[in-house]
Structures are given as structure tokens and as C-alpha cells.
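**Student:** Questions regarding the structure given below will be posed in turn.
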Amino acid sequence: MAIAGNDTSSVEVWDVDGGTKVSQLRQSIHEIQGSSTSLSDQPKAAGMCMAVQIFSPPESGGFLNVIAGFEDGSIAVWDLRNSKEPSIKVKLHSEPVLSIAFDGPCNGGVSGAADEKIVFFTLDYQRNTCLIKQEITHGRPGIADICIRGDGKILATAGWDHRVRIYDYHRRRPLAILKYHSDGVSAVAFSNDYRILASASMDATVALWSLYPPN
């Protein structure tokens, strides 16, 4: 598993069965993809790790990769076969990254942050680059969680504004806004049969939604 490290700017990878730390991942202070290269705007530390996932892309032959979102709005991807520094670094947001979700093939995903947008992206593992496919601004800050449904058709976001938003993942367009909670939504998850969406909120409630059946 991958977690934010005791050094909050790092990521730790642990062997759950053995209870041992396998690796500690750090960002070197190098130029981030998409950032300024002027002498007056030198690269800075990325800050605290705010979101992290471990995954295995098809091209890796079963080897694990880790993606993490940071306080400065950037994401970084490490291939654990060569984990001294990230293979991909890119700034996607103007505020801390709070959530990252991958599609089934791990070729792309969506990020949310403390700013007012979500970002659809794809990863090119051969060129070690991240391509922004689309940004959608929803006018309210704070996306605490994102979940892409297992069939890859829709995704849900958990908003600080008490709302759950549903998007078409492939067409990258909004479908619905769900209003029930009286406080910030902290988590969203789809059932294994894709028929139910659960949302949890700081108002101490869990809501179950039946929407957009897979067939």
C-alpha cells in the first residue's frame, strides 16, 4: 500500500503482509511539466502529500506505480522499478490536490482540488508525460473525493459545497448534481454491480443513489 510519509512531502510504500516499508518516494526540486522556466520563477518544493494511489499500468508488466497529489497543485508519478525520482511531474491545479481517480486501464483519470475545477488527464508512460484532456470549472471550491465507476462510463465527485456531481467520463461533460447532504461531502463510491452510488458527508449521513444503470 502507499501512504503519505512521516515526512509529509514524501510517500511511503509498505508491504502489508510483511509489515515492512519497501520504499520512500520523494520529489526532487526540478522543473515541473508546464511550469515557468524563467530565472525569476525557480521551481519550489511541492509541499505536503494530499492524495495518493498505487496502481499497475498495462505497460508495466505487473510492476507497481504510485501517483500522488501535492499541496502546490501538482501530481507526481513514480515507477517503483526506478523510484529515485518521479517519472512524471505536472502542475494541474492552483490549489492543493485532494483527490485522484484512475480509469480501469490506468491510462487516464481525473483529479480534484481545493480550487474550482476537475481535470481530466491521460498518462503517456513511454514519453513520461501527462496530457490534460479537459478542465471543467464547477464554480465552487473543494473536491474531497472522486470515483470513476468500474465500467468507465460515469464518475462522481464529493464537493465541499454539500453536492455530489455526476459526469460522463468519456465525453467529459456534466450529467447531474445531487442535493441531499447539509454539510461537505467527504467520500463517494460505486457498488460492484455499478447500480448504486454511496455518498458520505460531514453531516454524519450516508446517502444511497440509484442512477444511470450500466445497461
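The values are calculated or read from the model by the stated rules, or taken from the named source; none is laboratory data. Not measured: the values here are computed from a predicted model. All Cβ positions, glycine included, derive from the backbone under ideal geometry; neighbour counts span all protein chains shown. We work out accessible area using only protein heavy atoms, side chains counted, and drop any ligands, DNA or RNA first. Shrake-Rupley method; radii C 1.70, N 1.55, O 1.52, S 1.80 Å.
**Student:** Is it the case, given these coordinates, that Gly108 is within 13 Å of the chain's Cα centre (by Cα) and under 18 Å from Gly142 (Cβ atoms)?
**Tutor:** For Gly108, the condition - within 13 Å of the chain's Cα centre (by Cα) and under 18 Å from Gly142 (Cβ atoms) - is not met.
**Student:** Filter the range 69-86 down to the residues that are open to solvent by 10 Å² or more (accessible area, probe 1.4 Å) and under 21 Å from Val110 (Cβ atoms) and list them by number.
**Tutor:** Glu71, Asp72, Pro86
**Student:** Restricting to the range 191-215, name every residue that is over 19 Å from Ile154 (Cα atoms) and either at pLDDT below 95 or in a loop (DSSP other than H, G, I, E, B) (or both).
**Tutor:** Met202, Asp203, Ala204, Thr205
**Student:** In the range 4-16, what residues are outside any loop (DSSP other than H, G, I, E, B), of a type in the set (Val, Ile, Thr) and closer than 13 Å to Met48 by Cβ?
**Tutor:** Answer for the range 4-16, where residues must be outside any loop (DSSP other than H, G, I, E, B), of a type in the set (Val, Ile, Thr) and closer than 13 Å to Met48 by Cβ: just Val11.
**Student:** Next question. Considering only the range 124-136, I want to know if a residue exists there that is open to solvent by 20 Å² or more (accessible area, probe 1.4 Å), of a type in the set (Asp, Glu) and at pLDDT 95 or above.
**Tutor:** yes
**Student:** Could you check how many residues of the range 104-122 are touching a strand residue (DSSP E or B) at 6+ places or on another chain (Cβ under 7 Å), closer than 19 Å to Val188 by Cβ and assigned to a loop (DSSP other than H, G, I, E, B)?
**Tutor:** Total meeting the criteria: 2.
**Student:** Looking at this structure, is Val66 out of contact with any Pro (no Cβ under 7 Å at 6 or more places or on another chain), of a type outside the set (Asp, Glu) and either farther than 17 Å from Ala101 by Cβ or surrounded by 17 or more Cβ atoms within 10 Å (Cβ to Cβ) (or both)?
**Tutor:** yes
**Student:** Collect the residues in the range 143-157 that are crowded, with 21+ Cβ neighbours inside 10 Å and of a type in the set (Val, Ile, Thr), keeping them in residue-number order.
**Tutor:** Ile143, Ile146, Ile154, Thr157
**Student:** Scan the range 111-132 residue by residue and report those that are in contact (Cβ under 8 Å) with a residue 12 or more places away in the chain and within 18 Å of Phe55 (Cβ to Cβ).
**Tutor:** Ser111, Gly112, Val119, Phe120, Phe121, Thr122, Leu123, Tyr125, Gln126, Asn128, Thr129, Cys130
**Student:** Among the residues of the range 17-58, how many are assigned to a strand (DSSP E or B) and either open to solvent by less than 50 Å² (accessible area, probe 1.4 Å) or modelled with pLDDT under 85 (or both)?
**Tutor:** Number of matching residues: 7.
**Student:** Taking into account only those residues within the range 168-190 that are open to solvent by 40 Å² or more (accessible area, probe 1.4 Å) and not in a strand (DSSP E or B), which is farthest from Ala101 (Cα to Cα)?
**Tutor:** Among those residues, the one meeting the criterion is Ser182.
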